[in-house]
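Here, each number is a calculation from the coordinates, and none is a lab measurement. Predicted model only: the values in this text are computed from it and were never measured. Every residue, glycine as well, gets a Cβ built from its backbone with ideal geometry; the counts of neighbours run over all protein chains shown.
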Amino acid sequence: MHNKTVTLSNGVVVPQLALGTWLVDDDKATEAVRQAASLGYRHVDTAEAYANERGVGEGVRTCGVHRAEMFVTTKLAAEHKDYQSAAQAIDGSLEALGLDYIDLMIIHSPQPWIEVNQSEDRHFEGNLEAWRALTNAYKAGKLRAIGVSNFRKEDIDNLWDNAEVKPMVNQVLCHISNTPLDIIEYCQAKGIVMEAYSPVAHGEALKNPTIAKMAEKYGVTVPQLCIRYDLQLNMVTLPKTANPEHMRTNADVDFQISAEDMEALKHVEKIESYGDSSYFPVYGGKLKGYSGMPDTEEI
């Protein structure tokens with residue numbers, strides 16, 4: 001089990017490998033968290049928009065691991081761009097999870113999902129208001145750390161230049177064939193810990209012969225190579241699954257990719273399509289008449 005940690009700017013220690021729960025149904029999330037905890041996972045990532053905070057929280061409370069040893073991340077829905085709704089949503093997540101505190105809470109997107117890839121409005125004022133709500137909850141002890149997700153340089157600068165508390169985390173799409181090195185390096189230079197979601201490209205990396213050949217060289221699976229790659233970029237890495245066997249193999253990644261091969265993997269030809277999942281805003285799609293995260297079967 002990969003059990004290394006990273007330390008945030010405020011001293012909070014974060015387990016580097018986390019269980020992602022996007023597209024894990026609420027009624028399956030409890031058992032998924034229990035299984036992960038039994039295998040050694042100590043970090044679980046959820047979100048208001050995933051509609052499974054209740055199940056995740058129950059899993060954390062009943063997994064047999066002391067609460068202080070479990071790191072729980074959740075996300076403020078992208079649509080909350082004013083102080084009042086953001087503050088209410090923070091309390092709503094605490095209630096849904098059934099926890100006294102949340103270890104890390106992040107703004108899910110600088111834009112409401114319906115505007116992603118369709119609008120140039122970065123909602124600077126709205127994000128400052130949502131951030132103020134997170135900051136006050138952080139000061140009140142409801143949250144141990146606060147951060148953002150899917151934020152570009154200008155979105156980071158907006159908070160960095162104007163907010164009392166600096167963002168501690170930025171969670172972004174990052175995998176072999178789509179590695180946003182500019183924002184990773186920019187944030188890491190500021191002491192912002194970077195996190196990688198969809199490390200296996202929502203399953204599409206399995207179809208890439210270049211990645212498969214490199215995995216074969218190391219005697220590992222494609223998912224293991226992909227997860228290890230993000231870990232070696234010093235990113236918290238969030239492979240999602242409800243499958244205990246996948247949880248086990250995803251965590252068996254304590255091999256080392258050479259510096260030469262890391263450099264080669266950084267420049268693998270950019271992925272052209274995420275297949276049936278291309279409509280998700282995070283994969284470049286556009287949503288119309290929609291105000292939340294879409295639903296599809298897990299890959």
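What the Kirkwood sum gives for the stretch 6-72 is a hydrodynamic radius of 11.9 Å, with every pair of different alpha carbons counted. Of all DSSP bridge pairs formed entirely within the chain, close to 15 percent run antiparallel. For Lys213, list the aspartates and glutamates whose Cα falls under 20 Å from its own Cα; do not include residues on the same chain fewer than 8 positions away. Partners found: Glu204, Asp230, Asp252, Asp254, Glu260, Asp261, Glu263, Glu269, Glu272. Projected label points at Lys266 and Tyr101, each 7 Å from Cα along the beta carbon direction, are separated by 3.7 nanometres.
At full extension, Ala259 and Asn234 could sit 7.7 nm farther apart than now, given 0.36 nm per residue minus the alpha carbon distance.
Taking the alpha-carbon centroid of each part, what is the distance from the stretch 236-278 to the stretch 185-207 in angstrom? Centre-to-centre distance over Cα atoms comes out at 9 Å. The trypsin sites (Lys or Arg not before Pro) of the stretch 228-283 that meet both conditions, a loop assignment by DSSP and at most 13 other Cβ atoms within 10 Å of the site Cβ, are Lys270.
Going by how many other beta carbons lie within 10 Å of each one, how would you line up Val172, Val72, fewest first?
Val172, Val72
Leu233 sits among other residues whose Cβ lies under 11 Å from its own Cβ, and their net charge, with Lys and Arg +1 and Asp and Glu -1, is -1.
The trypsin sites (Lys or Arg not before Pro) of the stretch 1-97 that DSSP puts in a loop, and whose beta carbon has at most 13 other beta carbons within 10 Å, are Lys4.
Taking a sphere under 13 Å around the Cβ of Gln256 and counting the other residues whose Cβ falls inside, with K and R at +1 and D and E at -1, yields a net charge of 0. Based on the reciprocal of the average 1/r between different C-alpha atoms, the Kirkwood radius for the chain equals 19.1 Å.
By definition, a body whose alpha carbon gyration tensor gives a ≥ b ≥ c is prolate when a/c is 1.5 or more and a/b is larger than b/c, and the stretch 65-112 fits this prolate description. The ranking of Thr210, Thr74, Thr7, Thr221 by Cβ neighbour count inside 10 Å, starting from the fewest, reads Thr7, Thr210, Thr221, Thr74.
The fewest-to-most ranking of Tyr274, Tyr279, Tyr186 by surrounding Cβ atoms within 10 Å reads Tyr279, Tyr186, Tyr274. State which stretch of the chain is the longest one without any exposed GluC sites (Glu not before Pro), exposure meaning a DSSP loop state and at most 11 other Cβ atoms within 10 Å. Within the chain, the longest run free of exposed GluC sites (Glu not before Pro) spans 1-119. Cross-linked pairs Lys75/Lys270; Lys217/Lys266; Lys139/Lys240: Cα-Cα separations exceed 23 Å for Lys75/Lys270; Lys139/Lys240.
Other residues lying with their Cβ under 11 Å from the Cβ of Ala78 contribute a combined charge of -1, Lys and Arg counting +1, Asp and Glu -1. Extension gain, Asp276 to Asp121: 0.36 nm times the residue separation minus the Cα-Cα distance gives 53.0 nm. Computed over the chain, the per-residue total of -39500 (n - 2.57) for DSSP H runs of n ≥ 4 gives a 222 nm mean residue ellipticity of -11500 deg cm²/dmol, rounded to 500.
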